[in-house]
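Engineer: First the structure, which I've put down as structure tokens, then a few questions once you've had a look.
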Amino acid sequence: MKGLVIKNTGSWYLVKTNEGNCVECKIKGNFRLKGIRSTNPVAVGDRVQIILNPEGTAFISEIEDRKNYIIRRASNLSKQSHILAANLDQCMLIVTVNYPETSTIFIDRFLASAEAYRVPVKIIFNKTDTYNEDELHYLDGLINLYTTIGYPCFKVSAKTGEGVECIREELKEQITLFSGHSGVGKSTLINSILPEMDIKTGEISTYHNKGMHTTTFSEMFPVSENGYIIDTPGIKGFGTFDMEEEEIGHYFPEIFKFSTDCRYGNCTHRHEPGCAVRKAVEEHYISESRYTSYLNMLEDKEEGKYRAAH
């Protein structure tokens, strides 16, 4: 029997069968995906085959080939990955300028990982009703930056409803992953789109200006016109996984564009003479923040290699 994984609680998976029934499933035996060292070998969005048990539950016996997935390095387990979701048409990265602040390094790491696994991303800037004049000016600067690179951006206030209808239109006939830090308003935004779901929302810690986890597992919700939203727990950091140093620049579209003009084919874009990327940064064709994120990811890889060697 075939079905779609619509919820993952850590130990159980809820599978919606092709016949429309929902069945609680576990993984059969020591089930592992070939070539992927993952803390969760089965992810929401996976299409699977299941074997029913007499008591009405089932075992997942096989995962069908994935179109794509979003993956990050697992917390405290640098050699393992965590798959956020699979078989996506798009991802909506929910970002806040403040309450809590989302750094450009976090945004860029997420975008690079999505590029690596061929998942289109749209950036949703939430909580526009809470920002002062300087924060709104900064927000407009970020939108200009990411729109120029090629990432569609949207301004919304999930609390007041501003811009939510536009997001609802973007969800039609799409399987969409919602992701971002805890506290950026993912659950509030989903409640605005699907008020009947009444998903639990949390408060922001005023001391740390960080969100509290309210979503504790990944779940898929149907939206109008054959669309789905996948809600995931908020993530503090985004450790990239399974990227070689020389590949990282490929996942920054504007860096990759200028890298073809570098003097050396294996240019790291840090100190080599005749580097077209560094020249583009100096001439403001590539933003300083994006270049800093690129260097940060290179350093992360080098530290990982050092730890592995020691």
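Engineer: Wholly within region 198-310, which helices (runs of 4 or more DSSP H) include no fewer than the required count, namely at least 3 residues that are modelled with pLDDT of 90 or more and surrounded by 13 or more Cβ atoms within 10 Å (Cβ to Cβ)? Before the answer, list the steps.
Structural biologist: Details: elements: 245-248, 253-259, 276-282, 288-309.
Filter on region 198-310 gives 253-259, 276-282, 288-309.
Engineer: Examine region 70-90 for a residue that is modelled with pLDDT of 95 or more and surrounded by fewer than 18 Cβ atoms within 10 Å (Cβ to Cβ), and state whether such a residue exists.
Structural biologist: Yes, region 70-90 has at least one match.
Engineer: Please find, among Gly29, Gly20, the residue that is over 29 Å from Tyr294 (Cα atoms), in a loop (DSSP other than H, G, I, E, B) and at pLDDT 90 or above.
Structural biologist: Working: Gly29 fails: at pLDDT 90 or above.
Just one listed residue meets the conditions, Gly20.
Engineer: Determine whether region 77-90 contains at least one residue that is without any contact (Cβ under 8 Å) to a residue 40 or more places away in the chain, within 26 Å of Lys127 (Cβ to Cβ) and in a loop (DSSP other than H, G, I, E, B). Break it down stepwise before answering.
Structural biologist: Initially, region 77-90 is screened for residues without any contact (Cβ under 8 Å) to a residue 40 or more places away in the chain, giving 77.
Filter once more, so that each one left must be within 26 Å of Lys127 (Cβ to Cβ): none.
Scanning region 77-90, I find no residue that is without any contact (Cβ under 8 Å) to a residue 40 or more places away in the chain, within 26 Å of Lys127 (Cβ to Cβ) and in a loop (DSSP other than H, G, I, E, B), so the answer is no.
Engineer: A further question on this structure: Determine the pairs where a residue that is charged (D, E, K, R), located within region 137-164, has a partner that is surrounded by 14 or more Cβ atoms within 10 Å (Cβ to Cβ) with Cβ atoms under 7 Å apart, the partner being 6 or more residues away or on another chain.
Structural biologist: That search, which allows pairs on different chains as well, returns Lys155/Phe125; Lys155/Thr128; Lys155/Gly163; Lys159/Thr188; Glu162/Thr128; Glu162/Val156.
Engineer: Under 29 Å from Asn226 (Cα atoms), of a type in the set (S, T, N, Q) and out of contact with any Phe, Trp or Tyr (no Cβ under 6 Å at 6 or more places or on another chain), is that true of Thr160? Even if it seems obvious, please write down each step before you answer.
Structural biologist: Values: under 29 Å from Asn226 (Cα atoms): yes; of a type in the set (S, T, N, Q): yes; out of contact with any Phe, Trp or Tyr (no Cβ under 6 Å at 6 or more places or on another chain): yes.
It is true that Thr160 is under 29 Å from Asn226 (Cα atoms), of a type in the set (S, T, N, Q) and out of contact with any Phe, Trp or Tyr (no Cβ under 6 Å at 6 or more places or on another chain).
Engineer: Continuing with the same structure: Residues of region 132-180 being surrounded by 12 or more Cβ atoms within 10 Å (Cβ to Cβ), of a type in the set (Gly, Ala, Ser) and assigned to a loop (DSSP other than H, G, I, E, B), which ones?
Structural biologist: Listed by number, the residues that qualify are Ala158, Gly163, Gly180.
The values are calculated or read from the model by the stated rules, or taken from the named source; none is laboratory data. Everything numeric here is computed off the predicted structure, so don't read it as measured data. Methodologically, a virtual Cβ is constructed for each residue, glycine included, from the backbone with ideal geometry; neighbour enumeration extends over all protein chains shown.
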